[in-house]
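The values are calculated or read from the model by the stated rules, or taken from the named source; none is laboratory data. In this text, all values refer to a predicted model and were calculated from it rather than measured experimentally. FYI the Cβ positions are ideal-geometry reconstructions off the backbone, even for glycines, and counts take in every protein chain you see. Calculation scope for accessible area: heavy atoms of the full protein, side chains included, ligands and nucleic acids excluded. Shrake-Rupley method; radii C 1.70, N 1.55, O 1.52, S 1.80 Å.
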Amino acid sequence: MEIQHNFINGEWSRADQTSENRNPANPEDLVGVYARGGKADVDAAVAAARTAQPAWGSASPQIRSDVLRRVGDRLLDRVEEMGRLLAREEGKTLAEARGEALRAAQLFHFYSGEALRNPGEKLPSLRDGVEAEVTREPLGVVGLITPWNFPIAIPAWKTAPALAAGNAVVLKPADLTPSCAHLLAQVLEAAGCPPGVFNLVMGRGSEIGAALTGHPDVAAISFTGSERVGRGIALDCARGMKKVQLEMGGKNPMVVTAKADLDLAVAACLNGAFFSTGQRCTASSRLIVEAPVHDAFVEKLTAAMTALRIGDPLDAATQIGPVVSESQLAGNLDYVRLAGDEGCEVIGGQRLNRPGTFQSPALFLGAANDMRVAREEIFGPCAAVIKAADFEEAVAVANDTQFGLSSGICTGSLREATEFRRRSKAGMVMVNLPTAGVDYHVPFGGRGASSLGGREQGRMAMDFYTSVKTAYTYAG
Ligand code: NAD
C-alpha cells in the first residue's frame, strides 16, 4: 500500500518510519500506512512555517479568506469520502462521520469570513491630542496537537482560525487517526495555501510531541487531548513562555429531575452517554437522577440501551460502532470491573464475541459521586447513575467534579432550568439536550481540569490565535 507522507514546506516529505492504521471494526481492513515522523521532521516543519509566516500574516485578508473558502468548498466535495475514511479509521457510525466531515467544511467557511473581520478598537487617549488604537496581530508559528476522537473536526477548528489570523501552522494529529488530517493537507495544497503556511507532521506524541511544544520558534500550542498529557504540555509551554490552549477531559453530569419528560430525558442520556461509543469529551458520564423518577428512568434507559444496535460503522443500521483500539477497550473493561468492585450493579459492559474491538454499553447503577467510576474520565460507552434526593442535591453532585466541560439538565420546569444554567460550574450547559453536540459559531470550552486558555470555535477562537497591540499616536 502507498505510504502517506508528511506535508512540509508544500511538499510530501518521506519519514524514516511508518505506522499501519487498521479499522477497529475489522482488523483485516488496512486503512493506510502513514509516515511516523521524528524530531527532524518537526524541526523542518517549524523552519518552513517560520519562513512562510511573515508574508502570509501581512498579505491582504482577502487572500487568506479566499484560501479558506476554497478549502471549505473542497472539503464539501469530499464529505462522503472523508466520512467513510473516518468511520473506517475511528469507528464512529457513517452518519456521525459524515456529519463531522461536513462540520469541517463549515468551519473553514466560517473562518473564511472571520479572516476579513479582525476587529480592533480606537479610543481617545486620556492625554490631549493622543489617540489609542487596539489591534490584533498573528502570533507567528502555532503548533496544533489533536486527539483521535474527532480526527477532522478538531484539526479544522484549530487550523482554520489559526490561518485566518495570519499564523503559520504545524499540525500533529493523533497517531491512531491521521487519515483525515492527511486529507486536509491535500485539500490545503489544492486550495493554493502557500508552501510552509500549513505543515503536517504525523507521528507519536511521546516521540515528537516535546520537539513541537519545546521548540523555541513555536509561539503557541493549541492542544486537545487527555488531562495527563495536557498538564505536561502546560508545563513545557510555561518553561518556553509560550501561549497555550488546552481542551481536555470531562466527567459531564446530566441531571434528570422529577419534573422531566422521561422519554425526552432517556433520549438525551442515550445519545449523550453512548453515541460515538461514548468517545466524546462532552459525553454524559454521570446521570444524576432525582429519587422519585429514578427507578422509572433506569428501567426505560436500560431498555433503550440494550436495544442499541452495535456493529460495523459502515452499516446504515448501526447505532454504536467499535471502541477505537484494543488498549482503549481494555481500559473501559477495567472500569466496568471497578464499578462492580466499588459496589455498583453493572448492566452491560461486555466485550462482544466477534472480530474487532466491540463492547456493549454499560450502566453503573447505585453509583456514589465519590467512587472512582464517578470521578475519572473513562472515555467509553459507560455511564454512572447517581440517585439524588432532590434538586439541590442533584446540583451539588453535578458541580462536585474536578472537570467542568459540559453539563445538562432534563426538566419541564423553567425555574429549575434557569437555576441550573446559573449555578452549573461547566463551560457549556444544555437544557433538555444531550451534553454532547455543539454549534461551531459559538464558543466551545470548559473550566477546571477540562480547559485552560481561551475558548475554541466561534469568533472567540480568534482571541487565542492573535496578540493584542495597543498603539498611542500624538499627531503633534
Ligand atoms: P492524548 O492526550 O493521549 O493525545 C492527544 C494528542 O497528544 C495526540 O496527538 C498525541 O499523540 C499527543 N501527545 C501524546 N503525548 C504527548 C506529549 N508528551 N507531548 C505532546 N503531544 C503528545 O488524548 P487522546 O487519547 O488522543 O484523546 C482522548 C482525550 O481527548 C480524552 O481525554 C478526551 O476527553 C479529550 N478530548 C477533549 C476534547 C475537548 O475539546 N475538551 C475534545 C476531544 C477529546
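Here is how the numbers come out for the structure above:
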quantity	calculated
Helices (runs of 4 or more DSSP H) enclosed by segment 1-103 - at least 3 residues per element that are in contact with a Pro (Cβ under 7 Å, 6 or more places away or on another chain)	39-58, 79-90
Top-ranked residue of segment 423-439 - restricted to ones that are surrounded by 22 or more Cβ atoms within 10 Å (Cβ to Cβ) and not small (Gly, Ala, Ser), ranked as nearest to the ligand (Cβ to nearest atom)	MET428
Residues of segment 273-296 that turn out to be of a type outside the set (Val, Ile, Thr) and more than 22 Å from ASP370 (Cβ to Cβ), as a count	9
Any chance GLY232 is without any contact (Cβ under 8 Å) to a residue 60 or more places away in the chain, of a type outside the set (Lys, Arg) and within 11 Å of the ligand (Cβ to nearest atom)	yes
Matching option when the condition is near the ligand (Cβ under 10 Å from one of its atoms), among the small types (Gly, Ala, Ser) and crowded, with 24+ Cβ neighbours inside 10 Å, among GLY209, GLY250, GLY225	GLY250
Residue selected from segment 149-180 under the condition in contact with a Lys or Arg (Cβ under 7 Å, 6 or more places away or on another chain) and either near the ligand (Cβ under 10 Å from one of its atoms) or open to solvent by 10 Å² or more (accessible area, probe 1.4 Å) (or both), by the criterion nearest to GLU90 (Cα to Cα)	ASN149
Some residue of segment 355-367 being surrounded by fewer than 23 Cβ atoms within 10 Å (Cβ to Cβ), modelled with pLDDT of 95 or more and aliphatic (A, V, I, L, M)	yes
Complete set of residues in segment 91-147 that are touching a Leu at 6+ places or on another chain (Cβ under 8 Å) and within 16 Å of the ligand (Cβ to nearest atom)	LYS92, ALA97, GLU100, ALA104, GLY143, LEU144, ILE145, THR146
Test for ARG309: is it open to solvent by 60 Å² or more (accessible area, probe 1.4 Å), free of Cβ contacts under 8 Å to residues at least 12 places away in the same chain and within 16 Å of PHE275 (Cα to Cα)	yes
Only one of GLY446, GLY412, GLY454 that is in a loop (DSSP other than H, G, I, E, B) and either closer than 26 Å to ALA339 by Cβ or of a type in the set (D, E, K, R) (or both)	GLY446
Any chance ARG204 is open to solvent by 40 Å² or more (accessible area, probe 1.4 Å), in contact with a Lys or Arg (Cβ under 8 Å, 6 or more places away or on another chain) and within 7 Å of the ligand (Cβ to nearest atom)	yes
Close pairs from segment 192-217: first without any contact (Cβ under 8 Å) to a residue 40 or more places away in the chain, partner within 8 Å of the ligand (Cβ to nearest atom) and not in a loop (DSSP other than H, G, I, E, B), Cβ under 8 Å, at least 6 apart	ALA210/ASP236; GLY214/ASP236
First in segment 236-255 and over 30 Å from LYS387 (Cα atoms), second anywhere and modelled with pLDDT under 95 and open to solvent by less than 10 Å² (accessible area, probe 1.4 Å), Cβ under 7 Å, 6 or more apart	none
Segment 181-201 - residue that is of a type in the set (A, V, I, L, M, F, W, C) and open to solvent by 10 Å² or more (accessible area, probe 1.4 Å) and, of those, nearest to the ligand (Cβ to nearest atom)	CYS193
Pair list, Cβ < 9 Å and 6+ apart or interchain, from segment 434-447 residues that are acidic (Asp, Glu) to residues that are open to solvent by less than 40 Å² (accessible area, probe 1.4 Å)	ASP439/GLN457; ASP439/GLY458
Selected residue (only one of ALA101, ALA105, ALA132, ALA115 is among the aliphatic types (A, V, I, L, M), open to solvent by less than 40 Å² (accessible area, probe 1.4 Å) and closer than 22 Å to LYS243 by Cβ)	ALA115
Segment 390-402 residues that are surrounded by fewer than 19 Cβ atoms within 10 Å (Cβ to Cβ), paired with ones that are modelled with pLDDT of 95 or more (beta carbon under 6 Å, 6 or more apart)	ASN399/LYS425; ASP400/ASN369; GLN402/GLY448; GLN402/ALA449
Residue among ALA45, ALA25, ALA87, ALA55 that alone is open to solvent by less than 40 Å² (accessible area, probe 1.4 Å) and within 24 Å of VAL141 (Cβ to Cβ)	ALA45
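Condition check ((1) more than 16 Å from the ligand (Cβ to nearest atom); (2) in contact (Cβ under 8 Å) with a residue 60 or more places away in the chain; (3) touching an Asp or Glu at 6+ places or on another chain (Cβ under 7 Å); (4) open to solvent by less than 10 Å² (accessible area, probe 1.4 Å)) across all residues:
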position	(1), (2), (3), (4)
ASP261	yes, yes, no, no
LEU270	yes, no, no, no
ARG286	no, yes, no, yes
ALA291	yes, yes, no, no
VAL298	yes, yes, no, no
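A quick yes/no check of all residues on (1) open to solvent by less than 20 Å² (accessible area, probe 1.4 Å); (2) modelled with pLDDT under 95; (3) not β-branched (Val, Ile, Thr):
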site	(1), (2), (3)
ARG415	no, no, yes
THR418	no, no, no
ARG421	no, no, yes
HIS441	no, no, yes
SER450	yes, no, yes
